[in-house]
Each structure stands twice: as structure tokens, then as C-alpha cells.
Amino acid sequence: MTPWLAGVLSLLSLGFAFRTLVACRRAERGLRAVDPDPFEQRLAEKELRLVLGLGRRSVLGVGRAALFGGTGLGVWALTGGSTHYLEAAMAFGLGFASWAGCGEVHRRIGSLAESRRVSSRRQ
């Protein structure tokens, strides 16, 4: 039961993280399609910074929740006795894998933000 719950939590957190990454990339592509009007350009840049900042914080929080959820489910499985070591390890492993995946998405969103900062300094 606990590995199943940890798997659901892991899939939900990774799904949210990748959906956030897609939204950030979409916002970054939308900035390129903005009119050359300086006011519109500034508004689009502010929107992109907000989307990237919120996306990074959200993915970081979801990753931590997945890790703590997997750990909690692993501890819960251990309360059932010594016959549940495999279930506990699977629950923790799924939580850890989800946390690592969310960390990678967090890094990629940060890379988008950094590339945007570098390109705005050049202009």
C-alpha cells in the first residue's frame, strides 16, 4: 500500500514540475514574439521574471514535499514490523527519485532565468 501511495505522490509531483517547466518555456518563447514596443517589452520581461521565479519556488517546494512524503510513507511502512523493509525502501526511493527529478527541473528553470539575464545585459 505505501509504495503505491509513494508512486502516486511521485508521479503527481513530477507531473507538476514538468508542467511548470513547459509553462516557463512557453513564457520565454512568448517574450520573443512580443511587439518591438519598449513598454510591451518591459511588461513581458517582468511577466517572464515572475513566471520563472514562481516556477522555481513551486518546483522546489513540490520536490521537498515528495521527499518528505516518501520518507514519511517509508517510516509508516516500518511501523508494520521487520517484514516491511522492502516497502519502506521503495517508498523512500520513490520519494527520493521524485525529489531528484524536481531538482533537475528546478535547475533547468534557473538556467532559463540565467540565460534571460545574460541576454538582457547584452542589450
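Restricting the stretch 106-123 to residues that are surrounded by 14 or more Cβ atoms within 10 Å (Cβ to Cβ) and over 14 Å from A65 (Cβ atoms), the residue that is modelled with the lowest pLDDT is R116.
Quick one: is T71 out of contact with any Lys or Arg (no Cβ under 7 Å at 6 or more places or on another chain) and free of Cβ contacts under 8 Å to residues at least 24 places away in the same chain? Here the answer is no, as T71 does not meet what is asked. Of all the criteria given as (1) closer than 14 Å to I109 by Cα; (2) at pLDDT below 90; (3) surrounded by 15 or more Cβ atoms within 10 Å (Cβ to Cβ), the one not satisfied by T2 is (1).
Determine whether W76 is farther than 30 Å from V118 by Cβ and loosely packed, with under 14 Cβ neighbours inside 10 Å. No; evaluated as a whole, the condition is false for this residue. The set of residues in the stretch 12-30 that are in contact (Cβ under 8 Å) with a residue 60 or more places away in the chain, of a type in the set (A, V, I, L, M) and either surrounded by fewer than 18 Cβ atoms within 10 Å (Cβ to Cβ) or in contact with an Asp or Glu (Cβ under 9 Å, 6 or more places away or on another chain) (or both) contains only A17.
Please work out if L5 is assigned to a helix (DSSP H, G or I), of a type outside the set (D, E) and more than 30 Å from L94 (Cβ to Cβ). Considered against the rule, which asks whether it is assigned to a helix (DSSP H, G or I), of a type outside the set (D, E) and more than 30 Å from L94 (Cβ to Cβ), L5 comes out as no.
The values are calculated or read from the model by the stated rules, or taken from the named source; none is laboratory data. Model, not experiment: these values are computed from the prediction. No Cβ is skipped: glycine too gets one built from the backbone with ideal geometry, and neighbour counts run over all protein chains shown.
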